[in-house]
Amino acid sequence: MAGLVKFKQHPTKTLKAGGSFNLADVDPDSTPGFTGNKADGKALLADLDSKLAELQEKLFAESRFGGTKRILLILQAMDTAGKGGIVKHVMAAMDPQGVQFKAFKAPTEEEKSYDFLWRIEKEVPAAGMVGVFDRSHYEDVLIHRVHGWAAPEELKRRYGAINEFEARLTGSGTKIVKVMLNISKDEQKARLLARLDEPAKNWKYSRGDLTERAFWDDYMAAYQAVFDNTNTDEAPWHVVPANKKWFARIAVQQLVLGALTDLKLEWPKADFDVGVERELVARS
C-alpha cells in the first residue's frame with residue numbers, strides 16, 4: 001500500500017518491560033516506534049487485517065491435524081483504558097470460531113472456595129485457538145494488594161504460582177502475549193466524563209470506576225509489583241501507551257502478529273492425492 005506508515009521498530013522491542021522497567025517512566029500519550037498520526041494508524045490496522053486472519057487460519061488448521069500451538073492474549077488495564085476497543089477493532093479480523101474470549105468479573109462464592117487460579121485454568125484456549133482474557137489472574141494480585149485483601153506472603157505465593165502456571169502453558173505450546181494498556185489519570189477522567197455526557201455511553205458508566213479511581217497511585221504501585229515479579233522470558237510484559245486509542249490498537253495488533261509469526265505456522269499437507277481428488281470432483 002503506497003504511503004503506508006509502518007513502525008520504525010517492532011513493539012515487541014519498544015514496549016517490552018525490561019529488567020529495570022519503571023512504569024512511571026512511560027508516557028501514556030506517546031507512540032513508541034511509530035511516527036504517523038491517527039489516520040496513518042487506522043490505515044495500518046486495516047492493511048494488516050488480512051495478514052492477521054491468514055495466520056489465525058493457519059493456527060486453526062494446524063490444530064485439526066494434531067497441532068498443539070495456541071495464543072493467549074492477556075489484557076490488563078485501569079477502567080476505560082480501551083480493552084473492549086482492542087477486542088472489537090483488532091480481533092474482529094479473525095474468524096470467530098477460532099477465538100476464545102473470556103471477560104473475568106469478580107469471582108463467585110464457589111470460585112472463591114478454590115485457589116485463585118482454578119477459574120482461570122478452565123478458560124485457557126484449546127489448541128488452534130486465539131484466547132483473549134479481558135482481565136485475568138492478575139486481578140488477584142492487583143486489587144488484593146491495593147485493598148489489603150491478601151497478606152504480603154500470600155501475594156508472593158501468588159506471583160510464584162502465576163509464573164509456574166504460565167511456564168506450564170508455554171511448555172505445552174501456548175504463546176502468551178501480556179499487555180497492560182497504560183492510560184493517564186487525566187485521560188481516564190476525560191473518558192468517564194464522556195460516558196456521562198453522551199447518552200449512548202451512559203450504560204458504560206459505573207460508580208465503581210470512580211471508587212477505584214481514588215486508589216490510582218496504589219494501583220500503579222501494584223502494577224509495578226506485577227512487572228517486577230511476573231515479567232519472565234517465557235511470558236514477558238508489554239506496556240502499551242493507551243491515551244491514543246488508535247495507537248494502542250495498532251500496537252496490540254503488532255504484538256499478536258508477532259506472536260503468531262513466532263509460532264512458524266504452516267498449512268497442513270494434504271494426506272490424499274490432490275490431483276486424483278480434483279479429477280473426481282471435476283467429473284461429478
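The values are calculated or read from the model by the stated rules, or taken from the named source; none is laboratory data. Since the structure is predicted, the reported quantities are computational estimates derived from the model, not experimental observations. Positions of Cβ are generated from backbone atoms using ideal geometry, with glycine treated the same way; all protein chains shown enter the neighbour counts. Surface accessibility is based on the protein's heavy atoms, side chains included, excluding ligands, DNA and RNA. Shrake-Rupley method; radii C 1.70, N 1.55, O 1.52, S 1.80 Å.
Do the alpha carbons of any pairs in Lys16/Lys58; Lys16/Lys178; Lys42/Lys245; Lys38/Lys102 sit beyond 18 Å of each other, and which pairs? Each step should come with its number before you reach the end.
Working: Lys16/Lys58 26 Å; Lys16/Lys178 10 Å; Lys42/Lys245 10 Å; Lys38/Lys102 29 Å.
Long pairs (Cα-Cα over 18 Å): Lys16/Lys58; Lys38/Lys102.
Could you give the length gained by full extension between Val274 and Phe21, i.e. 0.36 nm per residue of separation minus their alpha carbon distance, to one decimal place? Can you show the working numbers first?
Numbers: separation 253, 0.36 × 253 = 91.08 nm, distance 5.30 nm.
So the chain would gain 85.8 nm between Val274 and Phe21.
If the convex hull of the alpha-carbon atoms of the chain is projected onto planes in all directions, what is the mean projected area in square nanometres? It would help to have the intermediate numbers written out before the result.
On the way: hull surface 76.3 nm².
Taking a quarter of the hull surface, the average projection is 19.1 nm².
Pull out the extension gain between Glu266 and Asp233, defined as 0.36 nm times the separation in residues minus the alpha carbon to alpha carbon distance; nm, one decimal. Display every interim value, and only then the final one.
Values: separation 33, 0.36 × 33 = 11.88 nm, distance 2.49 nm.
9.4 nm is the gain from fully extending Glu266 to Asp233.
Which order do Val274, Val90 take by accessible area at a 1.4 Å probe, largest first?
Details: Val274 90, Val90 0 Å².
Heavy-atom accessible area, descending, gives Val274, Val90.
Please list, in order, the residues from segment 249-284 whose amide nitrogen is less than 17 Å from a point placed 7 Å along the Cα→Cβ vector of Ala61.
Answer for segment 249-284: 260-275, 278.
Need one number: nm distance between label points at Ala92 and Arg157, each 7 Å from Cα along Cα→Cβ, rounded to one decimal.
Roughly 4.4 nm, to one decimal.
State the volume of the convex hull built on the alpha-carbon positions of segment 1-143, expressed per residue in Å³ and rounded to an integer. Please list the in-between numbers first.
Working: hull volume 22.6 nm³, N = 143.
Cα convex hull per residue, to the nearest whole number: 158 Å³.
Can you figure out the FRET efficiency of His147 with Ala200, using R₀ = 35 Å and their beta-carbon distance, to the nearest 0.05?
Values: r = 32 Å, r/R0 = 0.93.
Computed FRET efficiency for His147 and Ala200 comes out at 0.60.
Could you tell me what percent of the accessible area of the chain is made up of carbon and sulfur, with a 1.4 Å probe and every protein chain present? Kindly include the intermediate steps, with their values, before the conclusion.
On the way: 7420 of 14550 Å².
Roughly 51 percent, rounded to a whole number.
Loop only by DSSP, 14 or fewer other Cβ within 10 Å of the Cβ. Give me the trypsin sites (Lys or Arg not before Pro) in segment 1-77 that pass, ordered by residue number.
Numbers: sites: Lys6, Lys8, Lys13, Lys16, Lys38, Lys42, Lys51, Lys58, Arg64, Lys69, Arg70; in loops: Lys6, Lys8, Arg64, Lys69.
Taking segment 1-77 and a limit of 14 other Cβ atoms within 10 Å, the loop trypsin sites (Lys or Arg not before Pro) found are Lys8, Arg64.
Using a Förster distance of 25 Å, how high is the FRET efficiency between Ala225 and Thr108, based on the Cβ-Cβ distance and rounded to 0.05?
On the way: r = 26 Å, r/R0 = 1.05.
After rounding, the FRET efficiency stands at 0.45.
Which one of Ala43, Ala127, Ala106 has the biggest mean-square fluctuation once the chain is modelled by GNM with Cα springs under 10 Å?
The residue with the greatest mean-square fluctuation here is Ala106.
Can you give me the C-alpha center-to-center distance between segment 33-66 and segment 199-255, rounded to a whole angstrom?
With segment 33-66 and segment 199-255 each reduced to a Cα centre, they are spaced 22 Å.
How much area per residue is accessible in segment 24-63 when the probe is 1.4 Å and only protein heavy atoms are counted (Å²)? The partial results should precede the final answer.
Numbers: 1950 Å² over 40 residues.
Accessible surface, normalised per residue, equals 49 Å².
Going by accessible area, probe 1.4 Å, with all protein chains left in place, what is the ranking of Arg145, Arg158, largest first? Could the numbers behind the result be given before it?
Values: Arg145 105, Arg158 35 Å².
Ranked list, largest accessible area first: Arg145, Arg158.
Express in nm, to one decimal, how much length is gained between Arg207 and Lys38 on full extension, taking 0.36 nm for each residue of separation and deducting their alpha carbon distance.
On the way: separation 169, 0.36 × 169 = 60.84 nm, distance 3.10 nm.
The Arg207-Lys38 span can extend by a further 57.7 nm.
With a 1.4 Å probe and every protein chain left in place, work out the accessible area per residue of segment 217-274 in Å², rounded to a whole number. Display every interim value, and only then the final one.
Working: 2520 Å² over 58 residues.
Accessible area per residue: 43 Å².
Taking the Cα centre of segment 4-158 as the origin and placing charges on Cβ (Lys, Arg +1; Asp, Glu -1), which of Ser136, Met94, Ala106 is farthest toward the positive end of the dipole?
Met94
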